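Here is the structure we will look at, set down as structure tokens.
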Amino acid sequence: MIISTVLGSALILAIILTALLLWSRKRQRKWADYREACLRDPNLTWDDYERRRKLSRSILIWEEEVQRDIILRKTLQSRTSLNTTRTQPRTPTSATTTRQPKRMRSQSWHPSTTKRETSSSYPR
């Protein structure tokens, strides 16, 4: 009776240890596959990896094409917005519409005396 109890408990313990060993190997293999997938796609999260792992190859290719289309659409949209801002006509400012007269030599050498002569109010 004692021998059958020991043999029965040893058998159950062996089954539990085997199940734990298989489970840990499967988990290690899955983690190694995830790290390898992260090398290919650094922005990959565990949830995305789990979802993609269950998908078929054709669905994965289709999903990559959808992502590529989204990225292309965004870049084209940003390029067109840049082009429209560049091609908009400029509004003339007061500095560009009014031209300053060319300065004569006497004004360039003595600009304050010419202004004082015209605008002074005290007698000479």
| Number of the condition not met by residue 122 [criteria: (1) of a type outside the set (Gly, Ala, Ser); (2) more than 25 Å from the chain's Cα centre (by Cα); (3) at pLDDT 60 or above; (4) loosely packed, with under 10 Cβ neighbours inside 10 Å] | (3)
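One line per residue, one yes/no per condition, for (1) closer than 19 Å to residue 67 by Cβ; (2) among the aromatic types (Phe, Trp, Tyr):
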position: 29; (1), (2): no, no
position: 35; (1), (2): no, no
position: 46; (1), (2): yes, yes
position: 53; (1), (2): yes, no
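The values are calculated or read from the model by the stated rules, or taken from the named source; none is laboratory data. Keep in mind that what you see is a predicted model, and the values were worked out from it rather than measured. Every residue, glycine among them, receives a Cβ derived from its backbone with ideal geometry; neighbour counts consider all protein chains shown.
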